[in-house]
Amino acid sequence: MRTRRLNLSAVPFALTAVILAGCTAQSTSTTSESTTSSGTSTTQAAVVIDSDLQAEAVIAANDDSTVTRDDEWSEDDAVDVVLHGSTATTDASGIEVSDGTVTITESGVYRLSGSLEGSVVVAAPDDALVVLILDGVGIQNSAGPAIRVDSADDVAISLAAGSENTVSDASSYADDADANAAIYAASDLTITGTGSLTVTGNGNDGIATSDDLVILSGDITVDAVDDGLRGKDSLTIEGGTIVVTAGGDALKSDQDDDTTRGWILIEGGDLTATSGDDALAAATDVVITGGTVSLDAGSGSDTTDSPKGVSAGAVAVLDGGDITITATDDGVHSDGSVGIGGASVDIAAGDDGVHAEQTLEIRDGEVTIHAVEGLEAPVIVIEGGGITVNASDDGINASASDVVTSGLGITISGGDITIVMGSGDTDAIDSNGDLTITGGTLDITANSSFDYDGTGSMTGATVTVNGETITELTNSMMGGGGMGGSGMGGAPGDGRRP
């Protein structure tokens with residue numbers, strides 16, 4: 001059983017012994033002298049985050065998804081099903097045709113071609129493997145899903161090489177309808193092959209399953225009035241070229257009854273997603289380890305929600321891939337923690353670039369942010385990577401959240417960090433707790449460079465503020481202006497918090 005989910009309201013939070021969803025924080029003492037706002041000296045404890053915010057550890061903490069690989073079935077076993085009008089012709093024994101509904105009742109591999117005004121339904125035994133090869137298929141159903149899986153163990157949709165396939169569904173569904181997508185499966189569903197598939201979800205979702213949804217390959221375009229791709233238990237993309245336009249969430253996994261489910265994993269492929277709400281929305285984790293991912297959440301939408309590029313209920317991990325995010329709210333948001341460890345991430349956000357309710361860790365990668373606030377979390381740990389933040393409020397901000405109200409702090413031990421602030425009363429680095437800088441390179445352009453409520457120390461780092469190198473921290477909360485805490489020409493003693 002997964003043990004890293006916690007009752008957040010009951011978690012005591014101390015900087016030297018932090019327990020977080022998705023990570024375990026440990027403290028190590030340093031010998032550097034720290035200056036408090038009262039002018040006294042103390043020894044600063046640095047926060048070190050273990051590997052639980054790495055993709056491998058987060059994936060291992062979840063249940064495996066169910067996927068039907070290409071070597072588990074043979075195209076040589078396929079039987080032909082030719083669709084025409086409201087009927088179909090076939091020699092297969094496991095096919096029933098009635099009133100525009102083609103029902104598959106047995107395990108097997110079925111090659112579908114032609115056009116159908118109706119639906120293809122899979123109603124096979126609970127232990128059945130059913131493979132549908134779409135080879136030039138057009139299915140339009142004005143009364144429900146175009147393809148519906150009522151029962152089977154596993155179902156695969158294979159897109160035949162060189163084929164173009166289209167499906168569309170009804171314009172509306174009853175509020176209590178379970179099967180409410182152009183392609184709906186009450187089973188695990190895998191999509192594979194090298195052909196193309198265009199899905200129009202007129203009434204609700206584009207492609208949805210009640211279990212796992214896995215896309216291995218294919219050229220897939222989905223346009224849905226609500227969610228584009230939804231795997232309730234999990235949603236995995238390993239490859240393919242996928243374009244999703246959705247009025248709701250573009251990609252979604254919303255199983256919230258099991259802490260090992262409800263996750264999204266992107267390992268490869270080329271994904272472009274445009275959404276009225278969140279682009280990637282997971283009840284638990286979002287993990288990206290590869291591929292090219294372009295997300296646009298909320299642009300041009302009149303939704304009253306707050307569309308986010310990535311929204312995770314527990315942990316968001318970006319450990320690989322080339323990721324571009326545009327969002328009207330946060331670029332990356334987690335109700336738990338966020339880890340970045342190797343991805344190339346470019347974010348333009350209407351609120352925070354990256355926001356975590358608990359811990360934000362950057363180990364490696366290239367992160368570029370244009371936002372109101374760049375990086376925000378109660379505890380922020382930067383160990384490496386290249387980070388560029390352009391912000392109109394705080395660049396890096398350790399502040400209390402709904403679940404963490406004490407033990408706040410920023411620790412920077414490595415990385416190449418550039419922060420450019422807009423004019424006005426803003427802070428490049430603002431900690432409503434402690435600030436510890438032990439390494440890395442920081443290049444800051446701001447009216448106020450450092451603002452911390454607790455203790456602050458700087459050893460071993462190269463820090464430039466408004467073109468001049470500094471060797472010690474001066475807290476803007478203590479006043480003094482000039483270089484250091486408030487940078488060149490900063491306002492003395494403003495004592496602000498966000």
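Residue by residue, segment 208-225 carries 3J(HN,Hα) couplings of 9, 10, 8, 10, 9, 10, 10, 10, 8, 6, x, 9, 10, 10, 10, 10, 9, 6 Hz when phi is fed to the Karplus relation 6.51 cos²θ - 1.76 cosθ + 1.60 (θ = phi - 60°); x denotes Gly or Pro. In terms of the mean number of neighbouring beta-carbon atoms within 10 Å, the peptides 461-471, 146-156 order highest first as 146-156, 461-471. Between Ile220 and Leu197, Thr241, Ile242, Val243, the built amide H atoms are under 5 Å apart, and every one of these is 5 or more places off in sequence or on another chain.
Peptides 284-296, 166-178, 305-317 ranked from most to least packed by the mean count of surrounding Cβ atoms within 10 Å: 305-317, 284-296, 166-178. Applying 1/(1 + (r/R0)^6) with r as the Cβ-Cβ distance of Asp70 and Ser98 and R0 = 45 angstrom yields a FRET efficiency of 0.90. Packing here is the average count of other Cβ atoms within 10 Å per residue, and on that basis the peptides 444-457, 402-415, highest first, run 444-457, 402-415. Modelled spin-label separation between Thr462 and Thr441, with each label point placed 7 Å from Cα along the Cα-to-Cβ direction: 0.4 nm. The simple Förster model, with R0 at 35 Å and r as the Cβ-Cβ distance, assigns Thr292 and Asp77 a FRET efficiency of 0.50. May I ask for the distance between the Cα centers of segment 259-295 and segment 140-154, given as a whole number of Å? Using only Cα atoms, the two centres lie 25 Å from each other. Karplus-based coupling profile of segment 447-457, in residue order and whole Hz: 6, 10, 8, 10, 9, 9, 8, x, 9, x, 8, with θ = phi - 60° in 6.51 cos²θ - 1.76 cosθ + 1.60 and x standing for Gly or Pro.
Need the full-extension length gain, Glu106 to Glu472, defined as separation in residues times 0.36 nm minus the C-alpha distance. One decimal, nm. Mind showing how you got there, number by number?
On the way: separation 366, 0.36 × 366 = 131.76 nm, distance 7.39 nm.
Going from the current span to full extension adds 124.4 nm.
Specify the inter-centroid distance of segment 86-124 and segment 309-382, based on alpha-carbon positions, in whole Å. Here the answer is 46 Å between Cα centres.
Evaluating 6.51 cos²θ - 1.76 cosθ + 1.60 at θ = phi - 60° for every residue in segment 461-475, the Karplus couplings come out as 9, 9, 10, 10, 10, 6, x, 10, 6, 10, 10, 8, 7, 10, 6 Hz, glycine and proline recorded as x. Determine, from the Cβ-Cβ distance of Glu117 and Asp91 and an R0 of 30 Å, the FRET efficiency 1/(1 + (r/R0)^6), rounded to the nearest 0.05. For R0 = 30 Å, the calculated efficiency reads 0.85. Residue farthest toward the positive end of the dipole of segment 66-212, with Cβ of Lys/Arg at +1 and Asp/Glu at -1: which of Ser93, Ala185, Leu159? Toward the positive end, the furthest listed residue is Leu159.
Throughout, read-outs are computed from the coordinates displayed, never taken from laboratory work. This is a predicted model, so every value here is computed, not measured. Every residue, glycine as well, gets a Cβ built from its backbone with ideal geometry; the counts of neighbours run over all protein chains shown.
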